[in-house]
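To keep things clear, I will list the structure first and then write my remarks on it.
The values are calculated or read from the model by the stated rules, or taken from the named source; none is laboratory data. Being a predicted model, the structure only gives us computed values, none of them experimental. Neighbour counts are summed over all protein chains in view; Cβ atoms, including those assigned to glycine, are modelled from backbone coordinates with ideal geometry.
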């Protein structure tokens, strides 16, 4: 008896889907679009976070020293830095070395003379942290040491990157929300059309005592299938393109960090599936709520 | 079987359809509801299958108080009754057999049981030979017989009919009445709203006359005189 009902429900749902092929296609495509956008936004954000983290872990702090410090004072500063927790490596660059480096990068040998014989560059300690998370704190502590004039680390870049991803998160959220809403509307419209089409049938079903659940199920399955099909196409698109991207980056741009954690990617794909089916069911429930009330 | 106690029905727009109606119908009875159009016959019929709910009073069918029925319990009530209408309400794209089978399908019955019941019921209304026809290929009387078969196929204990002969000529109407009478003699309670007085006079059954929402006469078998 149960099996008859399940069979009936699925036959009804599939025949509804095929009745209105254009509306069905449009519904599936919008779900697909919404989910492709959702999936790619999540993967993009995960990757920017990953890039930031990877680069951050390689970060150096440059501590520029005040002018005119004696060798002894410089050694004292070095010792104070070395005592700070989280310092992995300290390297001193003297003003002469700094100047030579600058000359090399500018392709000139007469820089000192051009500047009137006075080297304006200060001595600098390059400090590597043991852990990316310690960098900011460490930089502040180094800045407080007597003899250190100025510190610099990648703060600007990371602030920009994080600002950018925040901004992107909002844009992504809005675009995904818009497309989700469009999918919701289209699926609801699709189901409403089929409800209207079957008005007589539904009326008879109610008169002979079919339960409301029985009348609703085919429509709910229909919505679920629309969401499911859209999600499956989106999942195929995302996993294919992400795998291609992965191959390309690993083979040709190996210095670029990229998320390869397959558990995480699987979770994103599963989430897309759930989201698609959820939209479908929600749309059915919305379009059915106004009828079958009593 | 059916008890209406002090039933009034006022529609949301203020129209008073029924006023303090009291009726008691025994199991196996055959009752006509007569009266001019707009007297409240259809409203009374709708109260019985819980399409409408009374504003005041109590409607009790088979010991179920319809006033207290929850929406999700309505289907269970309707499975106890078969309902037929003036306009048949058949599905034009389904054959006679499929139309009758559909009423069982939606209750989740098995294929073998459905086929057996459908053929038996079509036999009862004399349509076994036309089981593969579509409704529009049938005469009005035949369509109404399909409708009756559909109402009966789930073996209800109560048959409710709202002007079932309204669209039919006199002879065909008589045929339909013979079928309904046969069903009643098999034990099914029948409540039928009609304004076809010739039918009522021929059948010699209990007649309840409604005018302006009130019962003005309730006469036992054969006593109905206009």
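Scan the range B:148-166 for residues that are under 10 Å from the mean Cα position of the chain (by Cα) and closer than 16 Å to residue A:206 by Cβ and the total you get is 3. Hey, among the residues in the range A:236-263 that are in contact with a helix residue (DSSP H, G or I) (Cβ under 7 Å, 6 or more places away or on another chain) and at pLDDT 90 or above, which one's surrounded by the most Cβ atoms within 10 Å (Cβ to Cβ)? So the residue we want is A:238.
Being at negative phi, under 18 Å from the mean Cα position of the chain (by Cα) and in the same structural domain as residue A:34 (by TED's automatic domain parsing) is the requirement here; does residue A:239 meet it? When the stated conditions are applied, residue A:239 passes them. Quick check on residue A:51: is it over 30 Å from residue A:223 (Cβ atoms) and not assigned by TED's automatic domain parsing to the domain that holds residue A:148? Against the criterion (over 30 Å from residue A:223 (Cβ atoms) and not assigned by TED's automatic domain parsing to the domain that holds residue A:148), residue A:51 qualifies. Taking each residue of the range B:61-79 that is within 12 Å of another protein chain (Cβ to nearest Cβ) and looking for partners that are surrounded by fewer than 11 Cβ atoms within 10 Å (Cβ to Cβ) with beta-carbon atoms closer than 9 Å, six or more apart or interchain, yields B:71/A:293. Summed over the range B:80-108, the residues that are at the interface with another protein chain (Cβ under 7 Å from one of its Cβ atoms) and free of Cβ contacts under 8 Å to residues at least 40 places away in the same chain give a count of 3.
Cβ-Cβ contacts under 6 Å between residues 6 or more apart (or on different chains), taken from a first residue in the range A:209-228 that is farther than 25 Å from residue B:73 by Cβ and within 14 Å of chain B (Cβ to nearest Cβ) to a second residue that is crowded, with 20+ Cβ neighbours inside 10 Å and at pLDDT below 85, are absent.
Considering only residues that are closer than 15 Å to residue A:203 by Cβ, in a loop (DSSP other than H, G, I, E, B) and in contact with a helix residue (DSSP H, G or I) (Cβ under 7 Å, 6 or more places away or on another chain), which ones fall in the range B:53-95? Within the range B:53-95, B:88, B:89, B:90, B:91, B:92, B:94 qualify.
Conditions (1) crowded, with 21+ Cβ neighbours inside 10 Å; (2) within 15 Å of residue B:84 (Cβ to Cβ); (3) at pLDDT 95 or above, marked per residue:
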| residue | (1), (2), (3) |
| --- | --- |
| B:167 | no, yes, no |
| B:173 | yes, yes, no |
| B:176 | yes, yes, no |
| B:182 | no, yes, no |
| B:197 | no, no, no |
| B:202 | no, no, no |
